[in-house]
Structure formats: C-alpha cells, structure tokens
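Participant: This structure is in structure tokens; I'll ask about it shortly.
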Amino acid sequence: MGYLNARPLTWALDRSPDYWHVRYDLPSVCAALLHSGETDLGLIPSIEYLQSSDYRFVPGVGIGSRGQIASVALYSRVPVEDIRSIALDTSSRTSVSLIKVLCQHRFRITPRFVSHGPDLAAMTRAHDAGLLIGDPAFDADHQALGLTKIDLGEEWTVMTGLPFIYAAWTGRPGAVSDADVRALQDAQAEGVASRLAIAEEYGRGDAARAARAAVYLRDNVRYGLGPDEAAGLQTFLDYAADLGLAPRRRTLEFF
C-alpha cells in the first residue's frame, strides 16, 4: 500500500531489501495480488480478510483511528439526510464497505452508489456526495468546492465507541514465521518513532505539506491491533457480512 498512512509500517522494511521485497500499489491492487497468490503477505484493506477462510492477521500491527482519521471522508454538497447518490473512490473496499455500513446504521439513508475516479469536483458535480480515501482525501480542499466533510473514522467511533482498522498485514498460514511477525511488529515501532522523517519525505521540500503530514501521522492515525482494535474490526466485519458486502462471517485469526 503506497499511501502516507502506510509508510510507518513499511519504512523500516525498505531498509532491508535483501529480505523484504516490498511492492507499493493501491490498496485494491495489493488485495488482488494477495488473493491471486502473487504476494505472500499484503497490507490490505481489512474487509478483504473475509475473502478467504485461510487468511490470518499479523498480531499487533494495523492502520487505524479512534475518532477522526482525516483521510477517509465523505464530501457532500447537501445535508447527510438528503444524500441520494454517492460517488465512490473504489481504491479500497474497506472504505466503500464502511460508508455503506454507516449509511445503514448511522445515517439511516439508502443512497445510490456509483464507482468514480478520485476527482472530488467531478464526483460532486454529478452526485450529492463523494467518498475519497488516502492521499486524495488528505489533500482535498473541500471548502474551496463548498462541500461539507464528514470524517468516517469519527462517525464510526461515535456510532460504536470503538476504534476502526482500515488495513493490516494479512496472509495465509505459513506465509510468515514467528521471527517475521516480530520483525513486522518491530518495523511498526520504528516507523511510528520515525513519523517526522516520514512526513518530511512526504513533503518533498514543501514545509507546509510536511507539517500537515506530521500532524496527520501524530494525531489522526493510530498504529497497532490490540484488544480494542480487534473488537472494532470484528464489529465492522460482522456488519459488512450481514449487509452482503463479503461472502462470510469470520472471527479474527492471527499468525
């Protein structure tokens, strides 16, 4: 996964290229590569766990939020209760599933959903609202377009009282050893400790952009997959399966 919020999990892995062969792509592509067996382990949207009865999560490692996430949001030109159509950035099935769960259980609306490229202006010209995720959402100037931003991380936590997990390392049994699991946990710790350096890298010489990235990594994204995060993840997966957004219910299993 190539988004800013994933960098603290891959920052240290890039420094061991002889062992970790990391490929960066859209979350949906990362999931497709894992499903097809082209990769051993994927930092994939959490909903993709339900696509296989064999998948396991790396314990203790994940990309989440407890409250505002800032980079997964619905941008609307009308009040939420008046939304009749939503253009969806389909880069991550987790975010698409999350908005559908929230529409059903939080907003109590039944809009029409339409796939769309991540162009906020075009999305909201043709539809009442648009879902953006990742760097496009992080960089979007919704105020210039006269839109209201509805943060999905915040809406989830208001509804459930739980954190939300957007992505986690996922693979099949035997894909990673116990030593690999510890290395991935250590890599997360090193990446979290390196958030300022990661923000500087993201800024590419633009001080304001780097500062905004630093605030985002410090205040919005939460890293880890402990008991509260696992409870939030299980709740989300159950909601999604019950809405027919995944083929099965499953309890969480870990390497």
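The values are calculated or read from the model by the stated rules, or taken from the named source; none is laboratory data. All values derive from a computational prediction rather than experimental measurement. Cβ: placed from backbone, ideal geometry, glycine included. Neighbour counts: every protein chain shown. With ligands, DNA and RNA removed, areas are computed over all heavy atoms of the protein, side chains included. Shrake-Rupley method; radii C 1.70, N 1.55, O 1.52, S 1.80 Å.
Participant: With respect to T160, is the statement that it is touching a strand residue (DSSP E or B) at 6+ places or on another chain (Cβ under 6 Å), surrounded by fewer than 18 Cβ atoms within 10 Å (Cβ to Cβ) and in contact (Cβ under 8 Å) with a residue 12 or more places away in the chain true?
Facilitator: It is false that T160 is touching a strand residue (DSSP E or B) at 6+ places or on another chain (Cβ under 6 Å), surrounded by fewer than 18 Cβ atoms within 10 Å (Cβ to Cβ) and in contact (Cβ under 8 Å) with a residue 12 or more places away in the chain.
Participant: If the requirement is being among the acidic types (D, E), more than 21 Å from A6 (Cα to Cα) and open to solvent by 30 Å² or more (accessible area, probe 1.4 Å), which of these qualifies: D139, D178?
Facilitator: After ruling out the rest, the residue left standing is D178.
Participant: Restricting attention to region 62-70, does a residue exist that is out of contact with any Phe, Trp or Tyr (no Cβ under 8 Å at 6 or more places or on another chain) and among the aliphatic types (A, V, I, L, M)?
Facilitator: Taking every residue of region 62-70 in turn, none turns out to be out of contact with any Phe, Trp or Tyr (no Cβ under 8 Å at 6 or more places or on another chain) and among the aliphatic types (A, V, I, L, M).
Participant: Taking the condition in contact with a Leu (Cβ under 9 Å, 6 or more places away or on another chain), buried (at least 21 other Cβ atoms within 10 Å of the Cβ) and closer than 18 Å to P27 by Cα, does A167 pass?
Facilitator: For A167, the condition - in contact with a Leu (Cβ under 9 Å, 6 or more places away or on another chain), buried (at least 21 other Cβ atoms within 10 Å of the Cβ) and closer than 18 Å to P27 by Cα - is met.
Participant: I need every pair where a residue in region 133-147 that is farther than 13 Å from S91 by Cβ has its Cβ under 7 Å from the Cβ of a residue that is modelled with pLDDT of 95 or more and among the charged types (D, E, K, R), sequence separation at least 6 or different chains.
Facilitator: Pairs that qualify, where the first residue is farther than 13 Å from S91 by Cβ and the partner is modelled with pLDDT of 95 or more and among the charged types (D, E, K, R), are H142/K149; G146/R77; L147/R77.
Participant: Would you check which residues across region 181-205 are open to solvent by 60 Å² or more (accessible area, probe 1.4 Å) and assigned to a helix (DSSP H, G or I) and list them?
Facilitator: Hits for region 181-205 are R182, Q185, D186, A189, E190, A193, R195, L196, E200, E201.
Table: residues versus (1) of a type in the set (K, R); (2) in contact with a helix residue (DSSP H, G or I) (Cβ under 6 Å, 6 or more places away or on another chain); (3) farther than 26 Å from D238 by Cβ.
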position	(1), (2), (3)
V22	no, yes, yes
C30	no, no, no
E38	no, no, yes
S53	no, no, no
V61	no, yes, no
